[in-house]
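In what follows, a single structure is set out as structure tokens and then discussed.
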Amino acid sequence: MKKTALTLALAFGLAAPALAQDLKIGIDSAPYPPMSWQEADGSFHGFEVELAMAVCAAAALNCTHEGVAWNGIIPALETNKIDMIVSSMTITPKRQEVVEFSDPYVSSNAIYIGHKDFVFDPNDPEIIKNTRLAVQTGTSHEDYLTRKFDGQVDLKIYQAQDEQLADLVAGRIDVVLSGRMGSLAFLSSEEGKDFKALAMVEDETYPPLKIGAAFRKGDANIAKFNEGLKTVLQNGTYDEIANKYFDFDVYGMPKP
Amino acid sequence: MTALALPTRRRLRKVMPVYRMIYIAIGLATLYLIVTGLSWDWLPKYLPKLWTGFQISLAIWAASVIFGFLIALPLGLAQVLSRGPLRWLSVAYCTTLRGTPLLMQLWLFYYGLGAMMTQIPGIRSTVLWPYLREAWPFAVLALSLNFAAYAGEIMRGAFAGVGRGEIEAGKAFGMSSTKVFFRIWLPLALRQALPTLAGETVMQLKAIPLVATVTVPEMYAVISQSRHDTLLTYEPLLLIAGIYLSLTFLLVQALAAVERRFSLAKR
């Protein structure tokens, strides 16, 4: 394959460095708006799709998108069917055993969601006392709240995310602590139109989840991608794209 | 062996036969293994919550049994007295509520009816709102209505089972219909229904953990939270099994005492 490309390059009389490298970006074939989704005509749209294209352009990489089933996306990377994964993949130690991540391009904080007119401050004991705070059981959010309030606050415990969001809409609870990325679908839905992120968890004991692009281990393109990401962050392209999809700082980290 | 010791030993054997001693020994050994062999260091942290949960569980159980029973009386009576729409209504009620899962009813009341009520304009500024926001009123409502269906069926049989002669005797004494009902019909029916009703209240007690699914912080909710926090499987579940077993045991003993007090055999 490489040989063919080289032969072709030579045949057309092009010097190798001038040839932009072709990279296939694997993306979850299931829609995950606003991060990514595929239209009926086969084209990909969404924040991650645009961002990846911008980064590739800045890094002089020639990228195309390809839909891959989520549960087979890492094997697809390992077998060279795709060259990187830009599909809201959270950087976890377990994944780092098999793939290598770029610098994070999105961080997902835990956010307190509530009615847009509700006055809320997680650090004001008076407000907390008069707030009905809900969280899903068995999540790290629950651990965090229990830790933060030392069990002094009555939390409403839910079995599932959709149940607590239904009760939030019904007004039975005031505020829900939830992952930001997992809440985007609700916040952009008709039901959630009167709700917004009232506050964000800013606590060094509960760092946000970070999302990065996944590559095969030792891939030289990681450094190029990181450079490209740095460029789009610095020249404002990142914000330009992000502002189309989000009304908050989706990067959530100090910019390089 | 003296002649005197023999009857004592016989009596002892009657109270404490060998098989019962073996049972107790196995039970104590199991308990010992559970207490010493498993980890319980997580427990003190959850004890205050567990105690609150325990009280909530008992309160919901008691409220649903009382309200349920009060609804059951007219339900049973309607099926015995009426031949028209009242009877159909009450038969339909009992059939529907007994024929569908309690968990489903609970969810229909909380996530269905309860959530719908919150959308009524202006309801959030009424005095009822603090209660309508809560989960426990819906839990009590669903459990009461469900208990009423079972108890109503029992009371129907009990009312029908009271001899006509006793009621007619009351009437012959010049008692009004109300007086006959409260002095003769109801007490006799209750006495007959008591063992079955007692069984129902025990069943009701064991239905209480279901309300944890609609966010009521009762005992099982605390247990399941502790399981999520500690990643333990057996200890919290064994603990709640033990609590329910003890509660059921106490309840059965208490109800048996009531039954003995009003037993037909003593008549």
Original post:
Over what distance in Å are the Cα centres of segment B:156-208 and segment A:166-180 separated?
Top reply: 48
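Going down the list A:156/A:196; A:129/A:255; A:94/A:156; A:193/A:255; A:156/A:255; B:14/B:206, which pairs span over 26 Å between their C-alpha atoms? Kindly include the intermediate steps, with their values, before the conclusion.
Numbers: A:156/A:196 19 Å; A:129/A:255 36 Å; A:94/A:156 31 Å; A:193/A:255 30 Å; A:156/A:255 37 Å; B:14/B:206 33 Å.
Table pairs above 26 Å Cα-Cα are A:129/A:255; A:94/A:156; A:193/A:255; A:156/A:255; B:14/B:206.
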**OP:** Sort out for me the Cα centre separation of segment A:68-89 from segment B:20-37, rounded to whole Å.
**Re:** 55
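Tell me, which longest segment in chain A has none of the GluC sites (Glu not before Pro) that fall in DSSP loops with at most 10 further Cβ atoms within 10 Å?
Values: sites that count: A:39, A:97, A:190, A:204.
With GluC sites (Glu not before Pro) excluded where exposed in loops, chain A gives A:98-189 as its longest stretch.
Taking N as the number of residues in the protein assembly as shown, what value does Rg over Cα atoms divided by 2.2 N^0.38 Å take?
Details: Rg = 33.4 Å, N = 523, 2.2 N^0.38 = 23.7 Å.
My calculation over the Cα atoms of the protein assembly as shown gives 1.41.
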Original post:
Lys/Arg Cβ at +1, Asp/Glu Cβ at -1, dipole of chain B taken about the Cα centre: which of B:54, B:37, B:147 is farthest positive-ward?
Top reply: B:147
Subject >> Total charge dipole magnitude, segment B:43-262, about the Cα centre, Cβ charges on Lys, Arg, Asp, Glu only, Debye to nearest 20 >> reply: 500
Original post:
What is the Cα centroid distance between segment B:43-102 and segment B:222-267, reported in whole angstrom?
Top reply: 18
**OP:** Given the options B:203, B:21, B:104, state which has the largest fluctuation in a GNM of chain B using a 10 Å cut-off (strictly under) for Cα springs.
**Re:** B:21
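Calculate the FRET efficiency for residue B:160 and residue B:183 from the Cβ-Cβ distance with a Förster distance of 25 Å, rounded to the nearest 0.05. Don't skip to the end; give the middle numbers.
Numbers: r = 19 Å, r/R0 = 0.74.
With a Förster radius of 25 Å, E is 0.85.
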Original post:
Using a Gaussian network for chain A with springs between C-alpha atoms less than 10 Å apart, which of these wobbles most: A:170, A:134, A:30?
Top reply: A:170
Original post:
Given a 1.4 Å probe and no ligands, DNA or RNA in the count, how much accessible surface is buried by A and B, both sides, to the nearest 100 Å²?
Top reply: 1500
Subject >> Partner lysines for residue B:45 [C-alpha distance under 16 Å; skip if fewer than 8 residues away on the same chain] >> reply: A:148
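The values are calculated or read from the model by the stated rules, or taken from the named source; none is laboratory data. Everything numeric in this text was worked out from a predicted model, so none of it was measured. Every residue, glycine as well, gets a Cβ built from its backbone with ideal geometry; the counts of neighbours run over all protein chains shown. Accessible surface is based on the protein model in full, side chains and every heavy atom, while ligands, DNA and RNA are left aside. Shrake-Rupley method; radii C 1.70, N 1.55, O 1.52, S 1.80 Å.
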